[in-house]
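A short worksheet on the structure shown next.
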Amino acid sequence: MKKTLAAFVLAATALSGSSAIAASNELVFVDWGGTNTDARIEKNIKPFEKETGIKVTVVTPSDYAKLIAMVENETTEWGVMNCDAYWGVYAGDKGYLEPIDYNVVTEKLDKAVELKYVVGAEVYDSVISWNKDKYTKDTAPRTWADFFDTRKFPGKRAMWQYPVTVLEAALLADGVPMDKLYPLDLDRAFKKLDTIKDSIVWWTKGAQPSQMLSTGEADIALAWSGRILTAQDQGSPVDLTYNEGMRIAAGWVVPKGAPNRENAMKFINYVSSAKSQAGFSSMIPYGSTNPEAVKLLDSKQIDRIGQNEEQIKHEFYIDNDYWAKHLNEVVERFNAWLLAK
């Protein structure tokens, strides 16, 4: 009996050891899905697996609530997740994330997105967009002041049903310079939003603005650049300007207690390289957070993602720290404003 029990324990230990070895060679990657993830798999994940031998399991979509629940229940299964950088700052400050290991993540990125708990992945802009059957590049609104001018540009305008970038747009329309936006003057922003409230149609998903523009539900829209460009590629009559574009960095985060944390950091460093980011941008119209990546793209691609030198002068990064600190209170006020008559 003792011999049988000993043999059983030995066999169980061997199985446990082989399982641990296999697990150490894996990584669970969480992304938003769709064409974004298709490009990530083709240009980043497949080369990473081939070069490192680490097997990547892709899960979609990114889910903030699920990440928090996993961490709180100490059941974290995910290794690395793509999220809005400002959410990464918020979640890190709340204790839900591992600090980024900059001894492993050594690629040099824009300083604005090299943060304690989140590091920049790709960049998209919240921009002014329009229906090309209604406006040409010469007649379309070029500034947020134009966007808020219902006399010169009558009709419906589509906006995100969320305060991030919507309040910045209102303040820019009211004459606040890009470099003086933060901290946001909320009273002034909501007062400016009042002037077009009856002309706004709200969207909650990134694909909706291009659909609203295409169907005529709206003539102009605050929209995400990548979504508009993708819709354009698919034949939708939509266009955009990067003037006064609000740059939003998506970022990489590692959940607290993530299995194979070292693999997560290796992955983040790999996909932060100029080659990896340029490959991603060549397949889907998102900008890069590695300045060297832009140099690997042709001029047409650079113009398209809003990253030529002239375009960059007229764009700005939203303040991740501001939104991380004030997100909950501003969302509450925004939702109350939506319900007010």
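The values are calculated or read from the model by the stated rules, or taken from the named source; none is laboratory data. Here the structure is a predicted model, which is why all the values come from computation and not from measurement. So basically every Cβ, Gly included, is an ideal-geometry build from the backbone, and we count neighbours across all protein chains shown. Surface areas here come from the heavy atoms of the whole protein model, side chains and all, with no ligands, DNA or RNA. Shrake-Rupley method; radii C 1.70, N 1.55, O 1.52, S 1.80 Å.
Numbers below:
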quantity	calculated
Qualifying residue in region 233-240 (condition: in a strand (DSSP E or B) and open to solvent by 10 Å² or more (accessible area, probe 1.4 Å))	yes
Looking only at region 41-67, and only at residues there that are within 20 Å of the chain's Cα centre (by Cα) and part of a strand (DSSP E or B), the one that is nearest to residue 276 (Cα to Cα)	58
Options 251, 206: the member that is of a type outside the set (Lys, Arg) and modelled with pLDDT of 95 or more	251
Residues within region 254-299 that are among the hydrophobic types (A, V, I, L, M, F, W, C), open to solvent by 30 Å² or more (accessible area, probe 1.4 Å) and modelled with pLDDT of 95 or more, tallied	1
Conditions (1) more than 19 Å from the chain's Cα centre (by Cα); (2) at pLDDT 95 or above: number failed by residue 315	(1)
Residue that is nearest to residue 339 (Cα to Cα) [pool: residues in region 135-167 that are open to solvent by less than 30 Å² (accessible area, probe 1.4 Å) and part of a loop (DSSP other than H, G, I, E, B)]	163
Number of the exception - residue 118 against (1) surrounded by fewer than 21 Cβ atoms within 10 Å (Cβ to Cβ); (2) under 19 Å from the mean Cα position of the chain (by Cα)	(1)
Qualifying residue in region 262-271 (condition: among the β-branched types (Val, Ile, Thr), closer than 25 Å to residue 207 by Cβ and in contact (Cβ under 8 Å) with a residue 40 or more places away in the chain)	yes
Residues that are in contact with a helix residue (DSSP H, G or I) (Cβ under 7 Å, 6 or more places away or on another chain), more than 16 Å from residue 248 (Cβ to Cβ), open to solvent by 50 Å² or more (accessible area, probe 1.4 Å) and in a loop (DSSP other than H, G, I, E, B), drawn from region 168-208	174, 183, 185
Elements of type helices (runs of 4 or more DSSP H) in region 264-335, at least 3 residues being under 29 Å from residue 233 (Cα atoms) and polar (S, T, N, Q)	274-283
